[in-house]
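Just so you know, all these numbers are worked out from the coordinates, no wet-lab data involved. The structure displayed is predicted, hence computed values, not measured ones. Neighbour counts are summed over all protein chains in view; Cβ atoms, including those assigned to glycine, are modelled from backbone coordinates with ideal geometry.
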């Protein structure tokens, strides 16, 4: 992302740079790095309404009336309740959008075990190491907290495979 930020900054257009920062923040959310998107916040005054809505969505603070400004794949998830969030997530065809939405569901406390499993399966199917490890670690932690040692052990074996890179 550093190069994309540098190249985009050369345009002198804050809204374009804001978009790059949003993409980076979305990648962080998909990988469960729940840090503030402070680089975007500095550009918020020059961002479009859709960009501002997306930033708020990623932060888990989107006002329901702003959901219509989100990309189509994210709108249903933004308005979903805990009861139908996994269904809304499964309806997202694009794997990257699905992982971002899963991260938002986790951030907002609406991620069910099915959500976590779908996010893990999505990252695994794409071979995306970083988000896969994040979701596997989260699932292992939840299994351990629930006292499900068998599931936790299985998840830790998967984590080891990813970390060792097949060696």
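Placing R0 at 22 angstrom, the Cβ-Cβ distance between residue 117 and residue 34 gives a FRET efficiency of 0.65 after rounding to 0.05.
I'd like the FRET efficiency for residue 148 and residue 124, computed as 1/(1 + (r/R0)^6) with the beta carbon distance as r and R0 of 22 Å, rounded to 0.05. Please report the intermediate quantities before stating the final value.
Working: r = 20 Å, r/R0 = 0.90.
Efficiency for this residue pair is about 0.65.
In the chain, Cα pairs under 8 Å separated by at least six residues give a relative contact order of 17 percent.
Using just the helices of the chain, give the 222 nm mean residue ellipticity in deg cm²/dmol: DSSP H runs with n ≥ 4 each add -39,500 (n - 2.57), and the total is spread over all residues, rounded to 500.
Working: 10 runs with 116 residues, N = 167.
Theoretical 222 nm ellipticity from helices: -21500 deg cm²/dmol.
Using a Förster radius of 30 Å, what is the FRET efficiency between residue 6 and residue 50 based on their Cβ-Cβ separation? Nearest 0.05, please. The computed FRET efficiency comes out at 0.80. The listed peptides 21-31, 45-55, ordered by packing as a protection proxy, come out as 21-31, 45-55 (highest mean of other Cβ atoms within 10 Å first).
Distances longer than 24 Å among the Cα atoms of the chain: what percent of all pairs is that? All intermediate terms of the calculation are to be shown ahead of the outcome.
Numbers: 5359 of 13861 pairs.
The calculated P(r) of the chain puts 39 percent of pairs beyond 24 Å.
Each of 34, 116 was scored by other Cβ atoms within 10 Å of its Cβ. Arranged with the fewest first, they read 34, 116. When a/c reaches 1.5 or more, the comparison of a/b and b/c decides; with that in mind, is region 1-94 rounded, prolate or oblate per its Cα gyration tensor? Prolate is the answer for region 1-94, as a/c is 1.5 or above and a/b outweighs b/c.
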